[in-house]
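Comments concern the structure below.
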Amino acid sequence: MQSIFVPMISSQNTSIKLNTASMESSRIAQPIGIALDRFIKNNQDEFAFASGELSQLLRDIALASKVVNREINKAGLIDIMGGMGSQNNTGDDQQKLDVLANIRFTRALAKGGEACALISEENESYTDLNNDGKYVIAIDPLDGSSNIDVNVSIGTIFSIYRRKTKVGTPISEEDILQKGSEQVAAGYILYGSSTMLVYTTGHGVNCFTYEPSLGEYFLSKDRLMMPEKGKIYSINEGSANSFPDNVKAYVQFCKDNQYTARYIGSLVADFHRNMLKGGIYIYPSTAKDPNGKLRLMYECNALAFVAEQAGGLATDGQKRILDIQPTSLHQRVPFYVGSKNMVEKAVSY
Ligand code: AHM
Ligand code: MG
């Protein structure tokens, strides 16, 4: 009997020693988590078309975002802040960094070869990239650009669609004007107190944090879910006089219930905070912008996809954002996005 017990005791002791040793080693060398490249590779089978090309596209976007991140961090040291003195197609003043970010993402996607066309906030028409590419990208290269000069968080928003027409043929309107529900992947990069890349391929939402000294994104949260309820409302109340009556009433409801008002004026940052803490972001129709200010194809669709994948909702007040058929590249829509219960309540008004 003893001869049986002795090895058991000694093996237990060994495992205690091993555990203590591994605890000690993780204390002095904290694990850094899984890198974006490896995560994409490991999860490639989740993509509807199980191709390496979509993975490569995500990697191209990640790479361009690192370059943009570097440039944003240098703003103030070199002459890349301030306006270009020009306007983009929707009449917004273009900032130097808007233009720079647009160049960085366009180049990365053009070099990669997987994309056949690029829709960008900064270009009036779409850009033909490679007729042999299978994917169409819609992007806002740098959103919230009025915050650049004042060191406040900004973001990149992207949507990825599969082209409808045959590979190798010229792009047609049906490739470009696709509903949000056709996105195969979407996400955003938040250039904030740390830089984060958040994306979905329709299998939950994954968040990565950029480690600048290693030049890599590392997984910080997979399968992120948005709280169903929340108490944060984000809306530019400076325009309250021209909100529709039902929006005025909902904002009053938020105040009556002592909700917290938080508005950065950077869609990605406002959305990301609400996704973590529970909240609603609203850009309604106003006197100045009867269809709201935000653009369906490269601002709302991507965030709507992410929101739904995280258990939230996104609507224009009448219709699910992802079900809206775009009729033009730079189409605007009223936007209500965030925690399920809050969006439902807002819509009930
Ligand atoms: P932009 O694409 O020109 O940067 O505009 C979009 C931005 C959003 O990030 C933000 O939520 C909104 O405009 C703020 O608009 P406003 O200043 O009217 O509240
Ligand atoms: Mg924008």
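The values are calculated or read from the model by the stated rules, or taken from the named source; none is laboratory data. Since we're looking at a predicted model, the values are computed, not measured. With ideal geometry, Cβ positions are generated from the backbone for all residues, glycine too; neighbour counts draw on all protein chains shown. When the accessible area is computed, the model is the full protein with side chains, heavy atoms only, and any ligands, DNA or RNA have been set aside. Shrake-Rupley method; radii C 1.70, N 1.55, O 1.52, S 1.80 Å.
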### Message
Please determine whether any residue of region 93-103 is open to solvent by 30 Å² or more (accessible area, probe 1.4 Å), more than 22 Å from residue 296 (Cα to Cα), touching a Gly at 6+ places or on another chain (Cβ under 9 Å) and modelled with pLDDT of 70 or more.
### Response
yes
### Message
For the structure I just gave you, tell me whether residue 178 is buried (at least 19 other Cβ atoms within 10 Å of the Cβ) and closer than 25 Å to residue 293 by Cα.
### Response
yes
## Note on the structure
Note on region 125-154: residues open to solvent by 20 Å² or more (accessible area, probe 1.4 Å), assigned to a loop (DSSP other than H, G, I, E, B) and within 22 Å of residue 165 (Cβ to Cβ) are 125, 126, 129, 130, 131, 132, 134
### Query
If you check residue 150 against the conditions, is it within 16 Å of ligand 1 (Cβ to nearest atom) and free of Cβ contacts under 8 Å to residues at least 24 places away in the same chain?
yes
### Task
Identify the single condition in (1) part of a loop (DSSP other than H, G, I, E, B); (2) within 29 Å of residue 185 (Cβ to Cβ) that residue 209 does not satisfy, given that it satisfies every other one.
(1)
### Task
Check whether at least one residue in region 255-265 is part of a loop (DSSP other than H, G, I, E, B), within 14 Å of ligand 1 (Cβ to nearest atom) and polar (S, T, N, Q), and report yes or no.
no
### Message
Suppose the filter is surrounded by 15 or more Cβ atoms within 10 Å (Cβ to Cβ) and under 22 Å from residue 104 (Cα atoms); does residue 190 pass it?
### Response
yes
### Query
Does residue 292 qualify as being modelled with pLDDT of 95 or more, part of a loop (DSSP other than H, G, I, E, B), under 24 Å from residue 153 (Cα atoms) and of a type in the set (Gly, Ala, Ser)?
yes
### Task
For region 285-297, indicate whether the set of residues that are within 16 Å of ligand 1 (Cβ to nearest atom) and under 21 Å from residue 341 (Cα atoms) is non-empty.
no
### Query
Taking region 221-237, which residues are modelled with pLDDT under 95 and on the phi < 0 side of the Ramachandran plot?
221, 222
### Task
Name the single residue, out of those in region 240-251 being in a helix (DSSP H, G or I) and open to solvent by less than 90 Å² (accessible area, probe 1.4 Å), that is farthest from residue 344 (Cα to Cα).
242
### Query
Within the bounds of region 56-76, is there any residue that is open to solvent by 60 Å² or more (accessible area, probe 1.4 Å), touching a helix residue (DSSP H, G or I) at 6+ places or on another chain (Cβ under 7 Å), of a type in the set (A, V, I, L, M, F, W, C) and at pLDDT 80 or above?
yes
### Message
So residue 234 ticks every box in (1) among the polar types (S, T, N, Q); (2) within 16 Å of ligand 1 (Cβ to nearest atom); (3) out of contact with any helix residue (DSSP H, G or I) (no Cβ under 8 Å at 6 or more places or on another chain) but one. Which box is left unticked?
### Response
(3)
### Query
Do we have residue 50 as surrounded by fewer than 16 Cβ atoms within 10 Å (Cβ to Cβ), more than 26 Å from residue 333 (Cβ to Cβ), of a type outside the set (Val, Ile, Thr) and at pLDDT below 85 here?
yes
### Query
Taking region 289-335 as the search range and keeping residues that are within 16 Å of ligand 2 (Cβ to nearest atom) and charged (D, E, K, R), which one is nearest to the chain's Cα centre (by Cα)?
299
